[in-house]
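The values are calculated or read from the model by the stated rules, or taken from the named source; none is laboratory data. Predicted model, so just to flag it, every value in this text is computed and none were measured. Ideal geometry is used to build each Cβ from the backbone, glycine not excepted, and the neighbour counts take in all protein chains shown.
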Amino acid sequence: MNKAMLISRGVPIFAMGGVIAAVCGGWTKQQTQPPPPPLGAPIQGISQPELTAWRAGLNAFLRPEGPADGLGPVFNARSCVECHRAGAPGGASTDLGVSRVTRIGGIVNGVYSDLTNVGGPLMQARSLREVNPNYPFPGERPPVGTLFVSRRMTTPLFGLGLIEAIPGSTISANSAIARPDGIHGVPNLVFNPETNTSQIGRFGWKGHVSSLHLFSADAALNEIGITNPTFKVDNLPQGNPDPRGSDHVTDPENGGADVANFTVFMRFTSPPPTLPQTAQMIRGSQLFNTMNCAACHIPTMQTGASYTPTLANKPVNLYSDLLLHHMGAGLADGIRMGTATGDQWKTAPLWGLRFRPFYLHDGRASTVEQAILQHGGEATAARNRYQNLTPLDKAAVLAFLGGI
């Protein structure tokens, strides 16, 4: 992808070069600490081999796929950056169109179903008709009568390597902490086909993915339509058999290189930078704690041992407990993922909120305050405390959230 294409797609050009220069140099020996990396930069302390791999991952993240790569037969995007680009490559959704996907589910014979026979659980809204007008199937849509239909915004990927490096035991321990207001989070236990075991989920709106490699492999298949060693079979358009000869690339269409590159890019992209604290933001932080928001949005967790010093024993200022919570009927979508039920959602990390144009799982909120006011279930008491604040205190809370 060339510079003109990046500019036309709204992707900051610094991600290709200036960011790396800012992180790998640009401060004097007199400074005791380097400045925090800008948004979308490689993580602080990255080694030279990791930086080289990160650059390769960034290039793969930006590169559009085509039929010669195995694109389709149905897909949601042709590159990762089509959906992950708010603020910098790796960011959240920038619109309510291509980067908001649709999940479906239903009840069949009294049992929850992903409706795979009609294209579920994830709809791919585009098809090879984009490149071949004679391709017989359009993009998928929820079949008439589908019981559960949930729109999902693309989540930001900044700092995910640090989240992956938090020990599962630390996440589980959060569920044992006694908390007021009827709050009780639980981990999402999800099956990992790469290890053939159940693991604690960390990624996605319901914490339904346990590792970045699996997250990348899943996205390669279900968002771009590229089969890989983890997911070797193409999605069928609306469950229909794909016409012979429409896909000329043997499955798996990618030997794993793209998945490995996507994984490294996510693993070593830095968390979003924070803003300098003002007196108003400090006041907002205090209110955030007294309202009991921090019971779920835990400010800091810690990584454990890691194969790389870059990620080992680091603070992770994510503002999440990475647990599932019942959030009430207003936010329930009916979709089950792993052990998550229809009204359960993983506590969304709050770092980098100011770089997102939409909030909540389906983008229904265009401001942070709108998102707060739609909290229910276990968050009802905290939401009510926010509603009862003075206008000045509400502004302080929002200023604090806008700086983390």
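If I ask for residues that are of a type in the set (A, V, I, L, M, F, W, C) and outside any helix (DSSP H, G or I), which ones from segment 365-398 would you list?
Correct list: Ala365, Leu389.
Quick check on my filter: what residues within segment 242-251 are touching a residue at least 24 places away in the same chain (Cβ under 8 Å) and surrounded by fewer than 18 Cβ atoms within 10 Å (Cβ to Cβ)?
Pro243, His248, Val249, Asp251
Take the residues in segment 267-284 that are of a type in the set (Val, Ile, Thr) and part of a loop (DSSP other than H, G, I, E, B), then tell me which one is nearest to Glu164 (Cα to Cα).
Top of the filtered list is Thr274.
Assess whether Asp362 counts as being in a loop (DSSP other than H, G, I, E, B), of a type in the set (D, E, K, R), surrounded by 18 or more Cβ atoms within 10 Å (Cβ to Cβ) and touching a strand residue (DSSP E or B) at 6+ places or on another chain (Cβ under 6 Å).
No.
State whether one or more residues within segment 92-110 are crowded, with 23+ Cβ neighbours inside 10 Å and closer than 19 Å to Leu350 by Cα.
Yes - at least one qualifying residue is present in segment 92-110.
Filter the helices (runs of 4 or more DSSP H) completely within segment 125-231 down to those with at least 1 residues that are among the acidic types (Asp, Glu).
Counting at least 1 such residues, we get 160-164, 212-222.
Name the single residue, out of those in segment 152-183 being among the hydrophobic types (A, V, I, L, M, F, W, C) and more than 21 Å from the chain's Cα centre (by Cα), that is surrounded by the fewest Cβ atoms within 10 Å (Cβ to Cβ).
The extreme case among them is Ala178.
Being part of a loop (DSSP other than H, G, I, E, B), surrounded by fewer than 16 Cβ atoms within 10 Å (Cβ to Cβ) and out of contact with any Ser or Thr (no Cβ under 8 Å at 6 or more places or on another chain) is the filter here; which residues of segment 285-305 pass it?
Once the filter is applied, which keeps residues that are part of a loop (DSSP other than H, G, I, E, B), surrounded by fewer than 16 Cβ atoms within 10 Å (Cβ to Cβ) and out of contact with any Ser or Thr (no Cβ under 8 Å at 6 or more places or on another chain), segment 285-305 yields Thr300, Ala305.
Is it the case, given these coordinates, that Leu350 is outside any helix (DSSP H, G or I) and more than 25 Å from the chain's Cα centre (by Cα)?
Here the answer is no, as Leu350 does not meet what is asked.
Scan segment 152-194 for residues that are modelled with pLDDT under 95 and within 21 Å of Thr310 (Cα to Cα) and report the count.
0
Condition first: closer than 24 Å to Gln344 by Cβ, of a type in the set (Gly, Ala, Ser) and in contact with a strand residue (DSSP E or B) (Cβ under 7 Å, 6 or more places away or on another chain). Now tell me which residues in segment 188-242 satisfy that.
Ser198, Gly201, Gly207, Ser210, Ser211
Scan segment 339-349 residue by residue and report those that are touching a His at 6+ places or on another chain (Cβ under 7 Å), crowded, with 22+ Cβ neighbours inside 10 Å and over 11 Å from Leu323 (Cβ atoms).
Those that are touching a His at 6+ places or on another chain (Cβ under 7 Å), crowded, with 22+ Cβ neighbours inside 10 Å and over 11 Å from Leu323 (Cβ atoms): none in segment 339-349.
Show the residue pairs meeting these rules: Cβ distance below 7 Å; 6+ apart or different chains; first residue within segment 227-241 and within 16 Å of Glu253 (Cβ to Cβ) and aliphatic (A, V, I, L, M); second residue surrounded by 13 or more Cβ atoms within 10 Å (Cβ to Cβ) and modelled with pLDDT of 95 or more.
Correct list of pairs: Val233/Thr227.
Whether any residue in segment 50-57 is outside any helix (DSSP H, G or I) and either out of contact with any Lys or Arg (no Cβ under 6 Å at 6 or more places or on another chain) or farther than 24 Å from Lys314 by Cα (or both) is what I want to check.
Scanning segment 50-57 turns up no residue that is outside any helix (DSSP H, G or I) and either out of contact with any Lys or Arg (no Cβ under 6 Å at 6 or more places or on another chain) or farther than 24 Å from Lys314 by Cα (or both).
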